[in-house]
Amino acid sequence: MQNVFLIKSGGLAAMPEWQALFGSLLPHLDIRWWDDPSVDPNAVVYALVWQPEPGRLASYPNLRAIFSSAAGVDHIVNDPACPKQVPVFRMIVDQTAQTVAEYVCLHALAWIRDFDRMRRAQADRRWDLFEAPRLAPETRIGIMGLGTIGQLCAAMLKALGFQVHGWARSPKSLPGIPCAAGPDELGKFLAQSDLLVGLVPDTPETRGLVCRGTIMQLPKGAAIINVARGPLVVLDDLLAALDEGHLSAAILDVFETEPLPATHAAWAHPKVTVTAHIAGFASREMRARKASQNIKDLEEGRMPAGRYDAVRCY
């Protein structure tokens, strides 16, 4: 009986592409759809998943590794029944970092040029001549989280002329980027951030970190971009700070509840941009190559990078 690699990513319509990609990269495995009723649970040795239903992964007694189809793994490890002895791997590919950094740069530039005002003027068919509120070299951007994606964001923003500095939970050293670390240096970091970019992993220490107490330490008129995880930001506190005028804008790509309910106030708030968790992505080809290399490493006795650490929570 051939070992099975189960796929739950992109829906059933994506399976022909997944099967073609993995079939050429891992010909010794049987690539099957997550809900294929003919799959013998005992034959399943690997799974590539996005938001698997709770308890499902625990039903495969011979599972050797679980691969997230995205950079985050909270949709897997938050399942209490997720088998603790099976390694879980984050999907870390260059395309993800590139696309998140592009998203951050797009919205940083739109904010300093007041692109929302341009769109309103067009909608009103009004010829609105105005100068940009601020320039990149006058704008201090704080990157909260300096992993692979945070480091690329910092480099791209710096190349655009922004003043960039970073903060992480533990000390980091980046060429040309001042870095703060730990709770003792968080206040100073926030006070110097005209634009705050959330990129920390989802851990008990980071959940709710951007709340009223931290938001009010940002300069008046600051903006926030969150491309990390929804629980980083206390959304009610953020909306209140926008209404009070302490914050000027918020760009939110991730939310604690996804999809964001259609009745949520963030959708219609004039100072909020909502996007549907689309900041970062990678092609199926790149993800298939990454997962295939990880499987080859495991089968040859090497531990791949990107394994989820339950102690660090990322």
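The values are calculated or read from the model by the stated rules, or taken from the named source; none is laboratory data. Computed from a prediction, not measured in an experiment: that's the story for all the values here. All Cβ positions, glycine included, derive from the backbone under ideal geometry; neighbour counts span all protein chains shown.
You will find that of Ala305, Ala291, the residue that is closer than 29 Å to Asp253 by Cα and either in a helix (DSSP H, G or I) or in the same structural domain as Trp18 (by TED's automatic domain parsing) (or both) is Ala291 and no other. Screening Ala262, Ala241, Ala249 for residues that are in a loop (DSSP other than H, G, I, E, B) and either among the small types (Gly, Ala, Ser) or not assigned by TED's automatic domain parsing to the domain that holds Cys105 (or both) leaves exactly one candidate, Ala262. Among the residues making up the stretch 128-154, those that are in contact with a helix residue (DSSP H, G or I) (Cβ under 8 Å, 6 or more places away or on another chain), of a type in the set (A, V, I, L, M) and assigned to a helix (DSSP H, G or I) are Ala136, Ile149, Leu152.
Here Thr214 passes the criteria (1) under 26 Å from Ala310 (Cβ atoms); (2) not in a loop (DSSP other than H, G, I, E, B) except the one numbered (1).
Condition check for Lys290 on (1) surrounded by fewer than 20 Cβ atoms within 10 Å (Cβ to Cβ); (2) closer than 30 Å to Leu29 by Cα; (3) among the basic types (Lys, Arg): one failure, at (1). With respect to the stated conditions, Ala81 is over 25 Å from Asp297 (Cα atoms), at pLDDT 95 or above and not assigned by TED's automatic domain parsing to the domain that holds Val197. Considering the stretch 265-287, and only residues there that are part of a loop (DSSP other than H, G, I, E, B) and over 19 Å from the mean Cα position of the chain (by Cα), the residue that is surrounded by the fewest Cβ atoms within 10 Å (Cβ to Cβ) turns out to be Pro270. Please specify each residue of the stretch 217-235 satisfying the condition of being outside any loop (DSSP other than H, G, I, E, B) and either within 16 Å of the chain's Cα centre (by Cα) or free of Cβ contacts under 8 Å to residues at least 60 places away in the same chain (or both). Selection gives Ala222, Ile224, Ile225, Asn226, Gly230, Pro231, Leu232, Val233, Leu235.
In this structure, Gly145 does satisfy being at pLDDT 95 or above and either of a type in the set (D, E, K, R) or under 30 Å from Lys188 (Cβ atoms) (or both).
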